[in-house]
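Shown next, in structure tokens, is the structure this report addresses.
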């Protein structure tokens, strides 16, 4: 039976630690999945999800309940991931201006496998991982998790216009990488 | 390919944005796409991409064993820190309150002493 999320939130807000732990149990795989999609690796995802629950625990009293708990939590995860990726970027040179096409490095790539849904998911996941952090965060939050542009901009600390520009660039790169048109495929093979 | 001033390149620039929906696209662009097989193909690929991305939402990845334990441990630690902080801030309030009461009491006692001295002096002068 699915837990009564609203009841758990009310109890947790009143200081019931067990209720908060139940909320964690009910949501942590989803939160981890989002963290993984945003950061692109397990280690960062685990750190992000831990930090996100800690922040959620500390700020639960401020949760007004006008959104679902999971949506509120996703925004915290997005914010924590942005912070973690910001720290990581300091140690790695990467720019959003890099328009180099993403190369398919798998020589044994089999076109027939496109029909297989799990292979398809794997390809999309891999293509997402290869995107620069700034592009990946926006496209995951918008096109996978349906967060509005405004919320994405707020959690990533960028303007709404910048969020939209990043989204469109991310979509274009993914489209070129995953679903190339005839000419693009030939150009990439050269 | 060209239709009036709209080129495939300019449509390609706009397609990722058009996929957002929210209002009908520029009629000139819509007209170009209707007449251009290349741009239609690109539009189809964008739709496929968005479908594939959306399908990821149903996939759940399993965190490494121990993740849940780590989350609970950090919450536990934060809870204890919060409790200690509230005890300390409670004690601080008690100290500040005690000092304030003691100061007020000392002030009142001083005032009483001064008042009684003044009364004695005035009685002595009167006699």
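Being within 11 Å of chain B (Cβ to nearest Cβ), within 23 Å of residue A:152 (Cα to Cα) and surrounded by fewer than 21 Cβ atoms within 10 Å (Cβ to Cβ) narrows it down to one residue among A:25, A:55; which is it? Write out each step before concluding.
On the way: A:25 fails: within 23 Å of residue A:152 (Cα to Cα).
That would be A:55, the only listed residue that is within 11 Å of chain B (Cβ to nearest Cβ), within 23 Å of residue A:152 (Cα to Cα) and surrounded by fewer than 21 Cβ atoms within 10 Å (Cβ to Cβ).
Scanning region A:37-66 for residues that are in a helix (DSSP H, G or I) and in contact (Cβ under 8 Å) with a residue 40 or more places away in the chain yields A:37, A:38, A:39, A:44, A:60, A:61.
Can you tell me which residues in region B:57-66 are at the interface with chain A (Cβ under 7 Å from one of its Cβ atoms) and surrounded by fewer than 18 Cβ atoms within 10 Å (Cβ to Cβ)?
Those that are at the interface with chain A (Cβ under 7 Å from one of its Cβ atoms) and surrounded by fewer than 18 Cβ atoms within 10 Å (Cβ to Cβ): B:57, B:59, B:60, B:61, B:62, B:64.
The set of residues in region A:134-172 that are more than 9 Å from chain B (Cβ to nearest Cβ), over 16 Å from residue A:76 (Cα atoms) and surrounded by 21 or more Cβ atoms within 10 Å (Cβ to Cβ) comprises A:134, A:135, A:136, A:163, A:166.
Quick check on region B:18-28. Is at least one of its residues surrounded by 15 or more Cβ atoms within 10 Å (Cβ to Cβ), more than 10 Å from chain A (Cβ to nearest Cβ), in contact (Cβ under 8 Å) with a residue 12 or more places away in the chain and touching a strand residue (DSSP E or B) at 6+ places or on another chain (Cβ under 6 Å)? No, every residue in region B:18-28 fails to be surrounded by 15 or more Cβ atoms within 10 Å (Cβ to Cβ), more than 10 Å from chain A (Cβ to nearest Cβ), in contact (Cβ under 8 Å) with a residue 12 or more places away in the chain and touching a strand residue (DSSP E or B) at 6+ places or on another chain (Cβ under 6 Å). Residues in region A:165-177 that are free of Cβ contacts under 8 Å to residues at least 60 places away in the same chain and in contact with a helix residue (DSSP H, G or I) (Cβ under 6 Å, 6 or more places away or on another chain): A:167, A:168, A:170, A:171, A:172, A:174, A:175.
Each value in this text was obtained by applying a stated rule to the coordinates, not by laboratory testing. Note that the structure is predicted; figures quoted are calculated from it, not measured. All Cβ positions, even for glycine, are placed from backbone atoms using ideal geometry, and neighbour counts span all protein chains on display.
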